[in-house]
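First up is the structure itself, then whatever we jot down about it.
The values are calculated or read from the model by the stated rules, or taken from the named source; none is laboratory data. Not measured: the values here are computed from a predicted model. In this analysis, Cβ positions are derived from the backbone assuming ideal geometry, glycine residues included, and neighbour counts consider all displayed protein chains. Each accessible area value is taken on the protein alone, full model and side chains, heavy atoms only, with ligands, DNA and RNA left out. Shrake-Rupley method; radii C 1.70, N 1.55, O 1.52, S 1.80 Å.
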Amino acid sequence: MNKKGRKRIKGNVIQFPDLEKRLLDKGLEQLQQKNFTEAVKWFEEAKSLAPKDGDVYVGLVLAYYEAGVFEKAKQLAEDMLKEGIGEYFQTVDLYLMILVQLHEYEKIMTTIEVLQDEKEIPFEKQEHFSKLLAFCKRMIENKVEQGERSQYADDENKNTNLLANKDPNQLVLAIAELAHKNVRQYITEVKQYLESEEGHPFLKTMLLNILQEQEYEKEIQVEKFGKVKLVVPSLLIPSTEMKQMKDVQKELFHLENEDPVLYQHIMSLIERHLYLLYPFEWSPVAPVLWAAAYHLTGLRFNGVDAHIEDIAAQYQVVIEEVERAYFFIQKLEKISYPII
(Lines give C-alpha, C1' and ligand atoms only; values in the text may rest on other atoms or scores of the structure.)
Protein backbone atom coordinates (compact mmCIF):
# COMPACT_ATOMS: atom_id res chain seq x y z
CA MET A 1 0.00 0.00 0.00
CA ASN A 2 1.40 3.41 -0.91
CA LYS A 3 1.93 6.18 1.60
CA LYS A 4 -1.18 8.11 0.64
CA GLY A 5 -3.53 5.18 1.05
CA ARG A 6 -1.91 3.75 4.17
CA LYS A 7 -3.98 3.54 7.32
CA ARG A 8 -2.59 5.39 10.31
CA ILE A 9 -2.24 3.54 13.60
CA LYS A 10 -2.63 5.33 16.93
CA GLY A 11 -2.32 3.03 19.94
CA ASN A 12 -4.43 -0.01 19.14
CA VAL A 13 -6.85 1.92 16.91
CA ILE A 14 -6.46 1.95 13.13
CA GLN A 15 -7.29 5.39 11.76
CA PHE A 16 -8.35 5.83 8.16
CA PRO A 17 -6.98 8.72 6.09
CA ASP A 18 -8.85 12.02 6.50
CA LEU A 19 -10.96 10.60 9.32
CA GLU A 20 -10.96 13.93 11.12
CA LYS A 21 -12.30 15.61 7.94
CA ARG A 22 -15.13 13.10 7.79
CA LEU A 23 -15.94 13.68 11.45
CA LEU A 24 -15.89 17.44 10.89
CA ASP A 25 -18.30 17.07 7.97
CA LYS A 26 -20.62 14.92 10.11
CA GLY A 27 -20.56 17.55 12.84
CA LEU A 28 -21.34 20.35 10.40
CA GLU A 29 -24.18 18.33 8.94
CA GLN A 30 -25.74 17.84 12.39
CA LEU A 31 -25.16 21.53 13.20
CA GLN A 32 -26.98 22.54 10.03
CA GLN A 33 -29.88 20.25 10.97
CA LYS A 34 -29.93 21.83 14.46
CA ASN A 35 -29.07 18.52 16.13
CA PHE A 36 -26.65 20.27 18.45
CA THR A 37 -26.01 17.43 20.92
CA GLU A 38 -25.13 15.10 18.06
CA ALA A 39 -22.95 17.79 16.49
CA VAL A 40 -21.00 18.11 19.75
CA LYS A 41 -20.25 14.36 19.72
CA TRP A 42 -18.84 14.45 16.17
CA PHE A 43 -16.79 17.60 16.78
CA GLU A 44 -15.39 16.27 20.05
CA GLU A 45 -14.27 13.11 18.27
CA ALA A 46 -12.70 15.16 15.48
CA LYS A 47 -10.96 17.34 18.08
CA SER A 48 -9.41 14.26 19.70
CA LEU A 49 -7.76 13.46 16.34
CA ALA A 50 -6.96 17.05 15.32
CA PRO A 51 -6.48 19.00 18.58
CA LYS A 52 -5.22 22.14 16.81
CA ASP A 53 -7.66 22.28 13.88
CA GLY A 54 -9.35 25.70 13.81
CA ASP A 55 -12.40 24.54 11.82
CA VAL A 56 -13.07 21.73 14.29
CA TYR A 57 -12.82 24.13 17.23
CA VAL A 58 -15.15 26.69 15.62
CA GLY A 59 -17.70 23.97 14.90
CA LEU A 60 -17.48 22.68 18.47
CA VAL A 61 -17.84 26.17 19.98
CA LEU A 62 -20.91 26.85 17.80
CA ALA A 63 -22.44 23.47 18.70
CA TYR A 64 -22.02 24.05 22.43
CA TYR A 65 -23.29 27.63 22.04
CA GLU A 66 -26.42 26.57 20.14
CA ALA A 67 -27.01 23.77 22.67
CA GLY A 68 -26.99 26.40 25.43
CA VAL A 69 -23.81 25.07 27.06
CA PHE A 70 -22.28 28.54 27.22
CA GLU A 71 -19.60 27.88 29.85
CA LYS A 72 -18.11 25.06 27.80
CA ALA A 73 -18.27 27.19 24.65
CA LYS A 74 -16.51 30.02 26.52
CA GLN A 75 -13.73 27.75 27.76
CA LEU A 76 -13.07 26.43 24.25
CA ALA A 77 -12.99 29.95 22.80
CA GLU A 78 -10.54 31.01 25.50
CA ASP A 79 -8.36 28.01 24.68
CA MET A 80 -8.39 29.02 21.01
CA LEU A 81 -7.31 32.56 21.83
CA LYS A 82 -4.54 31.42 24.19
CA GLU A 83 -3.15 28.81 21.81
CA GLY A 84 -3.63 30.74 18.57
CA ILE A 85 -6.03 28.22 17.07
CA GLY A 86 -8.15 29.39 14.12
CA GLU A 87 -8.63 32.84 12.61
CA TYR A 88 -8.11 35.32 15.46
CA PHE A 89 -10.94 37.80 14.95
CA GLN A 90 -13.44 35.12 14.05
CA THR A 91 -12.62 33.59 17.44
CA VAL A 92 -12.89 36.98 19.16
CA ASP A 93 -16.37 37.45 17.65
CA LEU A 94 -17.45 34.02 18.89
CA TYR A 95 -15.98 34.70 22.34
CA LEU A 96 -17.78 38.04 22.71
CA MET A 97 -21.05 36.51 21.50
CA ILE A 98 -20.78 33.87 24.25
CA LEU A 99 -19.91 36.45 26.92
CA VAL A 100 -23.01 38.47 26.00
CA GLN A 101 -25.13 35.37 26.65
CA LEU A 102 -23.40 34.88 30.00
CA HIS A 103 -23.85 38.59 30.91
CA GLU A 104 -20.10 38.84 31.57
CA TYR A 105 -19.95 42.50 30.60
CA GLU A 106 -16.79 43.32 32.53
CA LYS A 107 -14.90 40.62 30.64
CA ILE A 108 -16.24 41.90 27.31
CA MET A 109 -15.04 45.41 28.19
CA THR A 110 -11.61 44.14 29.21
CA THR A 111 -11.23 42.16 25.97
CA ILE A 112 -12.23 45.06 23.73
CA GLU A 113 -10.18 47.62 25.65
CA VAL A 114 -7.05 45.46 25.35
CA LEU A 115 -7.60 45.20 21.60
CA GLN A 116 -8.10 48.97 21.38
CA ASP A 117 -4.96 49.68 23.40
CA GLU A 118 -2.94 47.39 21.14
CA LYS A 119 -4.56 48.95 18.06
CA GLU A 120 -5.36 45.49 16.71
CA ILE A 121 -9.00 46.02 15.73
CA PRO A 122 -9.49 46.08 11.94
CA PHE A 123 -11.08 49.26 10.62
CA GLU A 124 -14.30 47.53 9.53
CA LYS A 125 -14.87 46.18 13.06
CA GLN A 126 -14.04 49.32 15.04
CA GLU A 127 -17.55 50.79 15.12
CA HIS A 128 -19.03 47.36 15.87
CA PHE A 129 -16.74 46.89 18.88
CA SER A 130 -17.26 50.48 20.07
CA LYS A 131 -21.03 49.95 20.15
CA LEU A 132 -20.62 46.70 22.05
CA LEU A 133 -18.29 48.42 24.52
CA ALA A 134 -20.84 51.20 25.09
CA PHE A 135 -23.57 48.59 25.57
CA CYS A 136 -21.55 46.81 28.27
CA LYS A 137 -20.83 50.08 30.07
CA ARG A 138 -24.56 50.85 30.18
CA MET A 139 -25.33 47.37 31.48
CA ILE A 140 -22.76 47.71 34.27
CA GLU A 141 -23.87 51.24 35.18
CA ASN A 142 -27.54 50.23 35.27
CA LYS A 143 -26.72 47.09 37.30
CA VAL A 144 -29.17 44.95 35.39
CA GLU A 145 -29.23 42.07 37.85
CA GLN A 146 -31.93 39.96 39.43
CA GLY A 147 -33.28 42.87 41.43
CA GLU A 148 -34.04 44.83 38.28
CA ARG A 149 -35.65 41.82 36.67
CA SER A 150 -38.14 41.69 39.55
CA GLN A 151 -39.03 45.31 38.80
CA TYR A 152 -41.07 44.03 35.87
CA ALA A 153 -42.65 41.09 37.67
CA ASP A 154 -45.43 43.38 38.88
CA ASP A 155 -49.09 42.87 38.96
CA GLU A 156 -50.83 41.98 35.71
CA ASN A 157 -52.42 45.38 35.31
CA LYS A 158 -49.23 47.44 35.57
CA ASN A 159 -48.49 49.43 32.41
CA THR A 160 -45.34 48.14 30.66
CA ASN A 161 -44.59 51.64 29.38
CA LEU A 162 -42.77 50.43 26.25
CA LEU A 163 -42.64 53.74 24.41
CA ALA A 164 -41.62 55.77 27.46
CA ASN A 165 -38.73 53.45 28.34
CA LYS A 166 -35.68 54.34 26.25
CA ASP A 167 -33.22 51.86 27.76
CA PRO A 168 -33.02 48.85 25.37
CA ASN A 169 -31.77 46.54 28.10
CA GLN A 170 -34.73 47.25 30.37
CA LEU A 171 -37.06 46.99 27.38
CA VAL A 172 -35.80 43.46 26.66
CA LEU A 173 -36.69 42.50 30.23
CA ALA A 174 -40.08 44.21 30.09
CA ILE A 175 -41.02 42.48 26.82
CA ALA A 176 -39.75 39.13 28.09
CA GLU A 177 -42.16 39.48 31.02
CA LEU A 178 -45.08 39.80 28.58
CA ALA A 179 -44.43 36.24 27.42
CA HIS A 180 -45.65 35.08 30.86
CA LYS A 181 -48.72 37.32 30.87
CA ASN A 182 -51.83 37.74 28.75
CA VAL A 183 -50.46 40.08 26.10
CA ARG A 184 -53.99 41.13 25.13
CA GLN A 185 -54.14 43.25 28.30
CA TYR A 186 -51.31 45.35 26.88
CA ILE A 187 -52.31 45.24 23.23
CA THR A 188 -52.83 49.01 22.87
CA GLU A 189 -49.28 49.73 23.97
CA VAL A 190 -47.86 46.79 22.00
CA LYS A 191 -49.55 48.11 18.85
CA GLN A 192 -48.17 51.59 19.46
CA TYR A 193 -44.65 50.19 19.77
CA LEU A 194 -44.96 48.07 16.62
CA GLU A 195 -46.27 51.06 14.66
CA SER A 196 -43.67 53.48 16.03
CA GLU A 197 -40.64 54.51 13.97
CA GLU A 198 -38.63 54.66 17.21
CA GLY A 199 -39.05 51.01 18.19
CA HIS A 200 -36.02 48.73 17.75
CA PRO A 201 -36.53 46.04 15.06
CA PHE A 202 -35.24 43.29 17.36
CA LEU A 203 -37.71 44.20 20.10
CA LYS A 204 -40.55 44.40 17.59
CA THR A 205 -39.78 40.84 16.50
CA MET A 206 -39.85 39.76 20.15
CA LEU A 207 -43.34 41.27 20.46
CA LEU A 208 -44.52 39.62 17.24
CA ASN A 209 -43.29 36.25 18.48
CA ILE A 210 -45.21 36.68 21.73
CA LEU A 211 -48.37 37.60 19.82
CA GLN A 212 -47.83 34.61 17.55
CA GLU A 213 -47.31 32.22 20.48
CA GLN A 214 -50.46 33.53 22.16
CA GLU A 215 -52.37 33.15 18.86
CA TYR A 216 -53.41 36.77 18.53
CA GLU A 217 -55.77 36.71 15.54
CA LYS A 218 -56.43 40.39 14.85
CA GLU A 219 -54.64 42.42 12.19
CA ILE A 220 -51.89 44.73 13.39
CA GLN A 221 -49.52 47.16 11.70
CA VAL A 222 -45.71 46.81 11.85
CA GLU A 223 -43.15 49.46 10.84
CA LYS A 224 -39.52 48.55 10.16
CA PHE A 225 -36.79 50.26 8.13
CA GLY A 226 -39.25 52.77 6.69
CA LYS A 227 -41.70 50.11 5.51
CA VAL A 228 -45.18 49.36 6.85
CA LYS A 229 -47.03 46.04 6.75
CA LEU A 230 -50.32 44.68 8.07
CA VAL A 231 -50.07 41.17 9.56
CA VAL A 232 -52.12 38.68 11.55
CA PRO A 233 -49.65 37.29 14.15
CA SER A 234 -51.34 33.89 14.48
CA LEU A 235 -50.81 33.33 10.73
CA LEU A 236 -47.12 34.28 10.65
CA ILE A 237 -44.45 31.65 10.07
CA PRO A 238 -41.10 31.74 11.96
CA SER A 239 -38.32 33.82 10.41
CA THR A 240 -36.19 30.69 9.93
CA GLU A 241 -38.88 29.17 7.71
CA MET A 242 -39.32 32.14 5.38
CA LYS A 243 -39.07 31.21 1.71
CA GLN A 244 -36.46 33.87 0.94
CA MET A 245 -34.08 32.41 3.52
CA LYS A 246 -34.39 28.96 1.99
CA ASP A 247 -33.85 30.38 -1.51
CA VAL A 248 -30.69 32.23 -0.48
CA GLN A 249 -29.46 29.12 1.33
CA LYS A 250 -29.77 27.16 -1.93
CA GLU A 251 -27.67 29.76 -3.75
CA LEU A 252 -24.96 29.42 -1.08
CA PHE A 253 -25.12 25.63 -0.85
CA HIS A 254 -21.89 25.21 -2.84
CA LEU A 255 -20.02 26.73 0.13
CA GLU A 256 -21.07 23.89 2.41
CA ASN A 257 -18.47 21.67 0.73
CA GLU A 258 -15.99 24.37 -0.34
CA ASP A 259 -15.74 26.10 3.06
CA PRO A 260 -18.19 24.63 5.60
CA VAL A 261 -17.10 26.90 8.46
CA LEU A 262 -17.62 30.02 6.34
CA TYR A 263 -20.98 28.61 5.25
CA GLN A 264 -22.11 28.17 8.86
CA HIS A 265 -20.94 31.68 9.75
CA ILE A 266 -22.88 33.18 6.82
CA MET A 267 -26.04 31.23 7.65
CA SER A 268 -25.81 32.45 11.24
CA LEU A 269 -25.61 36.04 9.99
CA ILE A 270 -28.58 35.52 7.68
CA GLU A 271 -30.69 34.00 10.44
CA ARG A 272 -29.92 36.89 12.79
CA HIS A 273 -30.61 39.54 10.16
CA LEU A 274 -33.89 37.99 9.02
CA TYR A 275 -34.95 38.02 12.66
CA LEU A 276 -34.40 41.80 12.62
CA LEU A 277 -36.31 42.23 9.34
CA TYR A 278 -39.21 39.94 10.27
CA PRO A 279 -41.97 39.94 9.03
CA PHE A 280 -40.36 41.77 6.11
CA GLU A 281 -37.79 40.28 3.74
CA TRP A 282 -34.86 41.62 1.75
CA SER A 283 -35.60 43.94 -1.11
CA PRO A 284 -35.08 43.39 -3.98
CA VAL A 285 -36.13 39.76 -3.58
CA ALA A 286 -33.51 38.14 -5.91
CA PRO A 287 -31.93 35.35 -3.79
CA VAL A 288 -28.74 35.22 -5.87
CA LEU A 289 -28.07 38.92 -5.15
CA TRP A 290 -28.27 38.40 -1.38
CA ALA A 291 -26.23 35.21 -1.61
CA ALA A 292 -23.47 37.24 -3.30
CA ALA A 293 -23.71 40.05 -0.72
CA TYR A 294 -23.58 37.65 2.23
CA HIS A 295 -20.71 35.69 0.67
CA LEU A 296 -18.78 38.97 0.39
CA THR A 297 -19.72 39.89 3.97
CA GLY A 298 -18.66 36.51 5.34
CA LEU A 299 -15.29 36.66 3.61
CA ARG A 300 -14.54 40.17 4.84
CA PHE A 301 -15.68 39.38 8.38
CA ASN A 302 -13.13 36.56 8.34
CA GLY A 303 -10.30 38.84 7.24
CA VAL A 304 -10.26 37.88 3.55
CA ASP A 305 -9.55 40.77 1.18
CA ALA A 306 -12.47 39.88 -1.10
CA HIS A 307 -13.23 42.05 -4.15
CA ILE A 308 -16.81 42.90 -4.94
CA GLU A 309 -16.13 42.58 -8.67
CA ASP A 310 -15.04 38.95 -8.26
CA ILE A 311 -18.07 38.02 -6.16
CA ALA A 312 -20.46 39.78 -8.55
CA ALA A 313 -18.92 37.89 -11.48
CA GLN A 314 -19.12 34.58 -9.62
CA TYR A 315 -22.85 34.99 -8.98
CA GLN A 316 -23.50 36.84 -12.26
CA VAL A 317 -25.11 39.86 -10.63
CA VAL A 318 -24.68 43.61 -11.06
CA ILE A 319 -21.81 45.09 -9.00
CA GLU A 320 -23.82 48.16 -7.92
CA GLU A 321 -26.67 45.97 -6.65
CA VAL A 322 -24.27 43.80 -4.64
CA GLU A 323 -22.74 46.95 -3.18
CA ARG A 324 -26.15 48.27 -2.05
CA ALA A 325 -27.08 44.92 -0.54
CA TYR A 326 -23.69 44.71 1.20
CA PHE A 327 -24.11 48.13 2.83
CA PHE A 328 -27.63 47.21 3.98
CA ILE A 329 -26.17 44.08 5.61
CA GLN A 330 -23.64 46.28 7.43
CA LYS A 331 -26.54 48.42 8.68
CA LEU A 332 -28.32 45.34 10.02
CA GLU A 333 -25.15 44.09 11.69
CA LYS A 334 -24.50 47.41 13.43
CA ILE A 335 -27.93 47.50 15.07
CA SER A 336 -28.21 43.80 15.87
CA TYR A 337 -25.24 43.16 18.17
CA PRO A 338 -25.94 45.56 21.08
CA ILE A 339 -29.39 44.06 21.54
CA ILE A 340 -28.67 40.39 20.83
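Say R0 is 22 Å: what FRET efficiency, to the nearest 0.05, do residue 308 and residue 127 get from their beta-carbon distance?
The pair residue 308/residue 127 has a calculated efficiency of 0.65.
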Nearest-ten-degree value, helix 19-32 long axis tilted from longest Cα axis of the chain: 10 degrees
Among 26/204; 204/246; 52/72; 204/250; 250/331, which pairs are too far apart, with a Cα-Cα distance over 26 Å? 26/204; 204/250
Who wins for biggest fluctuation among 306, 39, 293 in a Gaussian network model of the chain, springs between alpha carbons below 10 Å? 306
Using only Cα atoms and rounding to the nearest 10 degrees, what angle (0 to 90) does helix 319-336 make with the longest principal axis of the chain? 70 degrees
Of 328, 301, 135, the one that fluctuates the most in a GNM where the chain has Cα springs shorter than 10 Å: 328
Net charge near residue 119 (other residues with Cβ under 14 Å of its Cβ; Lys, Arg +1; Asp, Glu -1) is -3
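How large is the accessible surface per residue of the chain, computed with a 1.4 Å probe and reported in Å² as a whole number? Kindly include the intermediate steps, with their values, before the conclusion.
Working: 17570 Å² over 340 residues.
Averaged over the residues of the chain, the accessible area is 52 Å².
What percent does the relative contact order of the chain come to when contacts are Cα pairs within less than 8 Å and at least six residues apart?
Values: 355 pairs, mean separation 36.6, N = 340.
So the answer I get is 11 percent.
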Count the net charge of all other residues whose Cβ sits under 14 Å from the Cβ of residue 310, scoring Lys and Arg as +1 and Asp and Glu as -1. -2
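Report the local net charge at residue 257: Lys and Arg +1, Asp and Glu -1, summed over other residues whose C-beta lies under 15 Å from its C-beta. Each step should come with its number before you reach the end.
Numbers: positive: 21, 22, 26, 250; negative: 18, 25, 29, 55, 251, 256, 258, 259.
Around residue 257, the surrounding residues sum to -4.
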Carbon/sulfur accessible area of the stretch 219-327, % of total, 1.4 Å probe, equals 53 percent
For Cα extents along the principal axes in Å, the choices are [x] 77, 48, 41; [y] 60, 58, 41; [z] 106, 41, 31; which was calculated from the structure? [x]
Whole Å is fine, so just give me how far the alpha carbon centre of the stretch 45-100 lies from that of the stretch 273-340. 25 Å
Ordered by number, the GluC sites (Glu not before Pro) in the stretch 32-102 that occupy a DSSP loop and have at most 13 other Cβ atoms within 10 Å are none
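Order of 51-63, 111-123 by packing, highest average Cβ count within 10 Å first?
Working: 51-63: 22.7, 111-123: 12.5.
With the highest mean Cβ count within 10 Å placed first, the list reads 51-63, 111-123.
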Hey, what do the phi angles of the stretch 42-48 turn into as Karplus ³J(HN,Hα) couplings, whole Hz, using 6.51/-1.76/1.60 and θ = phi - 60°, x for Gly and Pro? 5, 5, 5, 5, 5, 5, 5
